[in-house]
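Encoded as structure tokens, the structure appears first; notes follow it.
The values are calculated or read from the model by the stated rules, or taken from the named source; none is laboratory data. Worth saying up front: this structure is predicted, and the values here are computed from it rather than measured. Neighbour counts are summed over all protein chains in view; Cβ atoms, including those assigned to glycine, are modelled from backbone coordinates with ideal geometry. Note: areas computed on protein heavy atoms with side chains; ligands, DNA, RNA excluded. Shrake-Rupley method; radii C 1.70, N 1.55, O 1.52, S 1.80 Å.
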Amino acid sequence: ALDRVGFLILARKYTQALTLLQSIPYSPGPFAANNRGTKFLQLAYLHGFRGEPAKARANYAKALPQERAIYAAQAGSPVINQALVLIRGARAELGLGQTQAALADTEKVLAIAKHGSDHLYIPLLMERCAERYAQAGRADKAAQVLSEALATPGIGTWYSPVMLWLDPVWDPIRKTPAFQALE
């Protein structure tokens, strides 16, 4: 069902995606397995896509402590696992206007990605860092990181250039020269 939510988002059928997401009972396992975060985090960005900033903010406020608790529980686990959670928390921080903290966390994750050797998750981390820069309105940085991510072996597991046309996450920077150079 969570994959279907993702497909509905790509089709920009936000109301259907929201209805489906709300119908899924919360259980940490399925939400953690799809790397998009807690149910509140996913509800937040769906409300954001729907143009409902107050609802998005309320869900980001619920999501951030959950993501931070998950991050704290990752202590001692592989750095890549910690980075996957940290970048989700950065999304909530941005949604709450905590731009400096979010960009600092994004830089930490980007450093892990650039020095890591995990060919499965490094491309995902880089793509998510580019998303955070786009969310923060940093088009040049988003395009630079996204360009590097798209050239990374293994990116096809998570993302492809055609997604640039579909994914609404790029809407904040879609019309900038830096992003259009990628398309």
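List of remarks:
- Leading residue by the ranking (farthest from A44 (Cα to Cα)) among those in the stretch 12-23 that are open to solvent by 40 Å² or more (accessible area, probe 1.4 Å) and in contact (Cβ under 8 Å) with a residue 24 or more places away in the chain: R12
- Of the residues making up the stretch 46-59, those that are open to solvent by less than 20 Å² (accessible area, probe 1.4 Å) and over 16 Å from Y26 (Cβ atoms) are H47, A56.
- Sole exception among (1) more than 19 Å from D105 (Cα to Cα); (2) open to solvent by 40 Å² or more (accessible area, probe 1.4 Å); (3) assigned to a helix (DSSP H, G or I); (4) not charged (D, E, K, R) for Y26, by number: (3)
- Residue count for the stretch 145-183, restricted to those that are free of Cβ contacts under 8 Å to residues at least 40 places away in the same chain and more than 22 Å from R50 (Cβ to Cβ): 25
- Checked against (1) open to solvent by less than 70 Å² (accessible area, probe 1.4 Å); (2) touching a His at 6+ places or on another chain (Cβ under 9 Å); (3) not acidic (D, E), R174 passes all but condition (2).
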